[in-house]
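First up is the structure itself, then whatever we jot down about it.
The values are calculated or read from the model by the stated rules, or taken from the named source; none is laboratory data. On a predicted model such as this, the values are computed, not experimentally measured, just so you know. Backbone-built Cβ (ideal geometry, glycine too); neighbour counts: all protein chains shown. Heavy atoms of the whole protein, side chains included, go into the accessibility calculation; ligands, DNA and RNA do not. Shrake-Rupley method; radii C 1.70, N 1.55, O 1.52, S 1.80 Å.
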Amino acid sequence: MPERSARRVFPAGFLWGVATAGHQVEGNNTHSNWWAWEQQGLVKDATRSGRACDYWNRFRTDHDLLQKIGCNVFRLGIEWARIEPERDRFDPEAIAHYRRILEDLQRRGIRVCLTLNHWVVPQWFAAAGSWLAPDALARWEHFLLRVIPEFGDLVDLWITLNEPMVPVLAGYLAGYHPPCRRRPLEAARVFRVLLEAHALAYTCIHNLVAHPANGDGPPRVGFAGAYQWVEPYHDKGPLLPLERVLSRLVARVSFEAWDESVVSGRVQWPWGMGREIPGLAGSVDFIGVNYYMRISTRLDAGTLSNVKSGGYHVPPGVETSEMGWQIYPPGFRLVLHAVRRRFGRPIYITENGCCDSGDRQRRRYILSHLQQLHQALIEGCDIRGYMHWSFTDNFEWREGFAKRFGLVAMDHDDPELRRRPRPSAAMLSEIIAANGLTPEILERYSADIEAGCIAARFAD
Ligand code: FCB
């Protein structure tokens, strides 16, 4: 539960903002693999991304709102499928439009954190075998060589790949994201190809961007990783030692192996046997941390499981969000320390947020996570910014529009797609204005803080 009194001021120049992804907000990303997948009716609530939030046309309205909230950074993505809708055919109008969007942000003094790939690929690329096609990296490089010079002067922070482990695990191992494969060997190959894709993007950006928006120094490039705090489900009993082993394994498979591969430049077990990838070692100027939850590994009647069918295991008394994800602020600090130890590079929080349609948990979620983040800062983690997921309610992948992460609510059936800021948006705005958590802010939101029902066993 967040404490009520201590003042927590963030360093001068700390970046505050919100995060989105192209496919989830722009609308009509019709040439993409996700669009094609959605048409098969595979999204849980039977919705499709359709016009999404129509950010593509309403970006100025949204940027007005960003300014009202006080954001000085905005994370957004570009969609490869929009820029290269057919193999070798680039759409100059799409590129020009993205430039207009980025210039509008720059004019408003909002820094740009740009994601080059947030899982979605063009349908022509997917049809040719996606990341497993023999020429996948050549196609990716061709795209990079075209887009990086177009946007180089407008970007402050580059994210090469968003959560690369999600396509590996959900797309090729568990099979619930396109291309819906359940092939461990293919997953291992995609892991390696995505490492190469990251290294290639890192090198291309450094070679091609002479005048980055962040000033005279070299451009700043990283990836955004999906990090969870992984712990045994039981806190005592005979299963505990085995659950401990399982939790180590889950962390290893889900993010540590990726991180250690990037640090060492070699594909780490269990995804590979140490093969070297040229240009990979140390190819990060910062790390993007996406943190939402704790995962509890549970050994149950002989089954080795980290997830139960349809959701995660949640120990009794632990609060969850509407995604069924455990709300566990102390894990945030622990993850930040682990990332610092692994990389020793600056950290930006590129996602952190709560699925909460009624905005009942979100303020507490933000307050308690910012307290943990600040604690990590005091303890020596070099954290330079916080981007909340998400700005507006949007298309939440296979969950569709039913799951609502927005600081700003939106009814996707509303013909006007009106944006309605939730109370949490006002709170974040106050925090940004104060550059931290003041006693006044904590006092004003004390009712939220006290509504906390995180079990004592897990309280920080
Ligand atoms: C992350 C994704 C982001 C959004 C949030 C809720 O894993 O990067 O697009 O779906 O989860």
Just order 433-443, 401-411 by mean Cβ neighbour count inside 10 Å, highest at the front, would you? 401-411, 433-443
Ordering of 350-363, 33-46 by burial proxy (mean other Cβ atoms within 10 Å per residue, highest first): 350-363, 33-46
With every protein chain in place, the chain: carbon and sulfur % of accessible area (1.4 Å): 53 percent
Separation in nanometres of the label points that stand 7 Å from Cα toward Cβ, at R248 and W269: 1.2 nm
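Rank by packing, highest mean first: peptides 291-299, 329-337, 375-383, with packing defined as the count of other Cβ atoms within 10 Å averaged across residues.
Numbers: 291-299: 23.9, 329-337: 22.3, 375-383: 15.9.
Going from most to least packed, we get 291-299, 329-337, 375-383.
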Lysine pairs, Cα distance under 22 Å, 8 or more residues apart or cross-chain: how many in the chain? 4
Under the 0.36 nm per residue contour assumption, what length would be gained going from the current alpha-carbon distance of D300 and Q106 to full extension? 64.6 nm
For segment 8-458, the per residue accessible area (1.4 Å probe, Å²) is 37 Å²
Label point distance in nm, A12-A46, each placed 7 Å from Cα along Cα→Cβ: 5.8 nm
Expressed in nanometres to one decimal, the distance between label points 7 Å along Cα→Cβ at D235 and A402 is 3.3 nm
